[in-house]
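The values are calculated or read from the model by the stated rules, or taken from the named source; none is laboratory data. Every value quoted in this text rests on a predicted model; they were computed, and no experiment measured them. Neighbour counts are summed over all protein chains in view; Cβ atoms, including those assigned to glycine, are modelled from backbone coordinates with ideal geometry.
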């Protein structure tokens, strides 16, 4: 499909992405349904909507309820993973574990699925200095996760790690200003390398030294 689309619209291989047109396609489908008078049998509903679980529980078939929740959770995670990759990658891993578990213990999997839904939709109470939820906070979580995966202890002075997140976020903001950054693989690769060098070189207020203590 991508090949045919590229041929039709003469997009370069590095420029075309079907995901870019997903929202437009959804709007076209919605407009078509309204114009033709077609009614959705199960209207879609946002995971965060207050009536979501009420809609789920209205289905008497337990397995159908579970399949629907898996589908909505996966869609929700995929749509938001770019906003906080460290957090939503953990949610994605948990969801896949639950899906695998369904074959052995369906009831337990259903319970775990409900718990995952609660964790995803719960308001996250953050401690420590205030960080921008869309930029600095995701970077902070990514730093914490990187240290945990490496087995390195978290710095005793957490304020330093918050400062590191702020500094790295500022660096990233400069690196991504390049026009068409989202479609340029080389620019993205260079941004990752520069950010890694800044971290390794102690650019982030001496956090590396504190972590190895």
Q | Candidates 156, 170, filtered to the one that is exposed (fewer than 15 other Cβ atoms within 10 Å of the Cβ) and either in the same structural domain as residue 88 (by TED's automatic domain parsing) or at pLDDT below 80 (or both) | A | 156
Q) Say we look at the stretch 67-122 and pick out the residues that are touching a helix residue (DSSP H, G or I) at 6+ places or on another chain (Cβ under 7 Å) and part of a loop (DSSP other than H, G, I, E, B); which of these is nearest to residue 146 (Cα to Cα)? A) 84
Q) Restricting the search to the stretch 115-134, which residues are surrounded by fewer than 17 Cβ atoms within 10 Å (Cβ to Cβ), at pLDDT 70 or above and more than 25 Å from residue 95 (Cβ to Cβ)? A) 130, 132
Q) Could we say that residue 77 is within 22 Å of the chain's Cα centre (by Cα), farther than 30 Å from residue 136 by Cα, touching a residue at least 12 places away in the same chain (Cβ under 8 Å) and crowded, with 16+ Cβ neighbours inside 10 Å here? A) no
Q. Is it true that residue 189 is at pLDDT below 75, assigned to a helix (DSSP H, G or I) and not assigned by TED's automatic domain parsing to the domain that holds residue 88?
A. no
